[in-house]
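Enquirer: Have a look at this one before I ask anything.
The values are calculated or read from the model by the stated rules, or taken from the named source; none is laboratory data. Source: prediction; values computed, not measured. Virtual Cβ from ideal backbone geometry, glycine too; neighbours counted across all protein chains shown. For accessibility, only protein heavy atoms count, side chains too; no ligands or nucleic acids. Shrake-Rupley method; radii C 1.70, N 1.55, O 1.52, S 1.80 Å.
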Amino acid sequence: MKTPKTKYRKLFADELTQFLFYLSPNLIFGNVYCINGLKPIADLSIEVVFTSGGLEKLPRYQALGVPEVWFWEDGTLQLHHLRSTEYERIDRSELPGLEDLDIGLLKRCILVAETDAGEAIRVFQQSI
């Protein structure tokens, strides 16, 4: 079942397995997530770039005040965190509950999920 183009999802730090499922490029496009409860402005937006979009969308998220935006494109995951005036590319999430997330593991599991979501979830669960 595909998720709507944009949908708020409740994301708790202990639900990283479900988070991985939603990151599968076959399932999401432009989802926004609230960590530890719904709020007026999402904590995180994840964009899967197929043909257009990407970094040129950052000003939209900046205007909304979304603290972190992640872009998945061609097997690469780029994380950006909003500073006072612009987004800065980061290597790790700075969001509470996600700061210890192994981004390398997440990338590997996303790639595995493209062909075998069950295996990706198993690898992710065993590694966290």
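Enquirer: With every protein chain kept in the model, how would you rank Thr76, Thr115 by accessible area, 1.4 Å probe, largest at the top?
Expert: Descending order: Thr115, Thr76.
Enquirer: Kindly provide log₁₀ I(q)/I(0) values, in the same order as q = 0.09, 0.21 Å⁻¹, from the Debye equation applied to equal alpha-carbon scatterers of region 29-128.
Expert: Cα-only, vacuum Debye calculation for region 29-128: -0.23, -1.18.
Enquirer: Per residue of region 117-127, in order, report the coupling 6.51 cos²θ - 1.76 cosθ + 1.60 (Karplus, θ = phi - 60°) as ³J(HN,Hα) in whole Hz, putting x for Gly and Pro.
Expert: 3J(HN,Hα) across region 117-127, in whole Hz: 4, x, 5, 4, 5, 4, 4, 5, 4, 5, 9.
Enquirer: Among Asp102, Asp91, Asp43, what's the order by accessible area (1.4 angstrom probe), most exposed first? Please report the intermediate quantities before stating the final value.
Expert: Numbers: Asp102 75, Asp91 135, Asp43 25 Å².
Solvent-accessible surface, decreasing: Asp91, Asp102, Asp43.
Enquirer: I'd like the carbon and sulfur percentage of the solvent accessible area for region 84-128, probe radius 1.4 Å, heavy atoms only, ligands and nucleic acids excluded. The partial results should precede the final answer.
Expert: On the way: 1260 of 2820 Å².
C and S fraction of accessible area: 45 percent.
Enquirer: Sticking with this one: For the charge dipole of region 57-128, defined by +1 on Lys and Arg C-beta atoms and -1 on Asp and Glu C-beta atoms about the Cα centroid, which residue among Leu58, Val123, Leu105 has the Cα displaced farthest towards the positive pole?
Expert: Leu58
Enquirer: With a 1.4 Å probe and all protein chains in place, put Arg83, Arg89 in order of accessible area, largest first. List each step's numbers first, then the result.
Expert: On the way: Arg83 85, Arg89 140 Å².
Most to least solvent-accessible, the answer reads Arg89, Arg83.
Enquirer: Give a quick list of GluC sites (Glu not before Pro) in region 78-118 that DSSP marks as loop, anything other than H, G, I, E or B, with at most 14 other Cβ atoms within 10 Å.
Expert: Answer in residue order: Glu86, Glu94, Glu99, Glu114.
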